[in-house]
Amino acid sequence: MDELRERVLAYLHAHQVMTLATCGPLGVWAAAVFYVNDGFVLYFLSAGHTRHARNMAAVPRVAATIQEDYRDWTGIQGIQLEGEVVMLQGEERDTAVSLYTAKYPFITSTNSQIRAALARVNWYRLTPDKLFFVDNTKGLGHRDEVTELL
């Protein structure tokens with residue numbers, strides 16, 4: 001199981017975009033967001049007025065996937081997860097910003113549009129309680145559950 005954990009953590013570290021699936025007063029919705037991980041905990045940002053952010057404010061339970069764009073089914077690998085989202089404030093928000101900045105240095109840009117957009121966003125933590133690694137290289141539809149997420 002340690003080998004699986006390390007493989008999934010390496011996969012999380014090597015990728016940037018997760019597709020976040022929400023359900024709430026505005027219906028079901030999916031949105032692609034950049035993320036950074038600290039272990040299996042994922043941090044991301046989004047504007048509070050977006051459909052997915054408004055859904056998360058009402059119903060913090062979400063699902064997400066992380067994968068590449070494959071042309072061959074037999075090569076598909078990726079992550080499927082579900083968990084709870086919390087909007088961050090204070091020290092935890094600052095920690096998320098630091099982690100995010102380390103992975104995406106462009107957010108420290110002096111570009112006025114980027115700086116203005118970042119001043120208006122919310123920062124979130126997604127803590128998965130179920131996480132699967134899909135690996136079709138081991139057989140079509142093969143997936144393993146990571147059971148120790150802390």
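Below are the figures for this structure:
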read-out: Subset of the range 26-45 [over 19 Å from R125 (Cα atoms) and either aliphatic (A, V, I, L, M) or at pLDDT below 95 (or both)]; value: L26, V28
read-out: Single match in A30, A63 (criterion: within 13 Å of the chain's Cα centre (by Cα), closer than 20 Å to D129 by Cα, crowded, with 16+ Cβ neighbours inside 10 Å and not charged (D, E, K, R)); value: A63
read-out: Enumeration of residues in the range 62-91 that are closer than 20 Å to V121 by Cα and among the charged types (D, E, K, R); value: E84, E91
read-out: Residues that are part of a strand (DSSP E or B) and surrounded by fewer than 17 Cβ atoms within 10 Å (Cβ to Cβ), drawn from the range 1-20; value: V17, T19
read-out: Residue that is modelled with the lowest pLDDT [pool: residues in the range 75-134 that are surrounded by 13 or more Cβ atoms within 10 Å (Cβ to Cβ) and of a type in the set (G, A, S)]; value: A117
read-out: Selection status of L45, surrounded by 15 or more Cβ atoms within 10 Å (Cβ to Cβ) and in contact with a Leu (Cβ under 9 Å, 6 or more places away or on another chain); value: yes
read-out: Elements of type strands (runs of 3 or more DSSP E) in the range 41-120, at least 1 residues being touching a helix residue (DSSP H, G or I) at 6+ places or on another chain (Cβ under 6 Å); value: 41-47, 77-87
read-out: Every residue from the range 113-149 that is free of Cβ contacts under 8 Å to residues at least 60 places away in the same chain and in contact with a Gly (Cβ under 8 Å, 6 or more places away or on another chain); value: D129, K130
read-out: Tally, over the range 51-74, of residues that are at pLDDT below 95 and of a type in the set (S, T, N, Q); value: 1
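Condition check ((1) small (G, A, S); (2) in contact (Cβ under 8 Å) with a residue 40 or more places away in the chain; (3) in contact with a Gly (Cβ under 9 Å, 6 or more places away or on another chain)) across all residues:
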residue	(1), (2), (3)
R7	no, yes, no
Y11	no, yes, yes
Q16	no, yes, no
C23	no, no, no
Y43	no, yes, no
T50	no, no, no
V59	no, no, yes
I66	no, yes, yes
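The values are calculated or read from the model by the stated rules, or taken from the named source; none is laboratory data. In this text, all values refer to a predicted model and were calculated from it rather than measured experimentally. All Cβ positions, even for glycine, are placed from backbone atoms using ideal geometry, and neighbour counts span all protein chains on display.
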